[in-house]
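Worksheet for the structure shown next.
Derivation of every value follows stated rules applied to the coordinates shown; laboratory data play no part. Owing to the predicted nature of the structure, the values given are computational and were not obtained by experimental measurement. Cβ coordinates were reconstructed from backbone atoms using ideal geometry, including for glycine residues, and neighbour counts include every protein chain displayed.
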């Protein structure tokens, strides 16, 4: 049993190394692209806040307010997109019979989570140095939320790619879903700012709950009355079980591709 765990750990470490080299091997293009995307979204969202004259909720500084919410969205979306592309990457590694598509999914998710954790640390450090932000109240809580967002993205990606065949329809639906998630995730608002009629419906979105958890962890002045950790845990458990079932059911499809 212990030997099997050691072998699996070594296999996963090898896949993480391969994936990291793929993302960073050509001049760190992977992390530079992710950093530029995050920078653009942060500038846009902070600019929208300033142009409308709105201030961050309950005394939270605007820039860390946006970063603490946006990084959750980006970790979710990044892991979702990587999961959608795992079958193609798996086909290139099929020479090793020990590798399953789930192994590769996990390795790619680890790399994406590490990328966005690094980006969050860089942005917050810069904001603190500029005097635009205070250090996070609970940094481990923020890291935990980024991890959960990544697992959420992984499981959703596994389910989508198994249910919908690759093609134009899946591409369009995925584009609509990822675009809508920007406005539904709470990246630039908090739950108390939502109209009462919409709030209860919006809180069925686990991503909004994760964003509320992220802001609660970061800011001493904000404690969300709406983030439901039990609901998030239940959603992730249901998604994990569903993803594992469909992964097992469709494993032969990827092996024969």
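Tabulated results
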item	result
Computed log₁₀ I(q)/I(0) - Debye formula, equal Cα scatterers, no solvent, the chain, q 0.09, 0.11, 0.14 Å⁻¹	-0.42, -0.63, -0.99
Proxy reagent accessibility, fewest Cβ within 10 Å first, across 212, 61, 137, 193	193, 137, 61, 212
Ranked list, fewest to most other Cβ atoms within 10 Å of each Cβ, for 105, 228	228, 105
Contour excess over end-to-end distance, with Cα ends at residue 169 and residue 140 and 0.36 nm allotted per residue	6.5 nm
Region 61-131-region 188-257 distance, computed between alpha-carbon centres (Å)	16
Full-stretch length increase - residue 17, residue 88 - with 0.36 nm per residue and alpha-carbon distance subtracted	23.8 nm
Percent of Cα pairs exceeding the 19 Å cut-off, where the set is region 70-180	52
Proportion of all alpha-carbon pairs of region 186-257 beyond 21 Å (%)	42
Residue order, fewest to most surrounding Cβ atoms within 10 angstrom, among 90, 9, 168, 35	168, 9, 35, 90
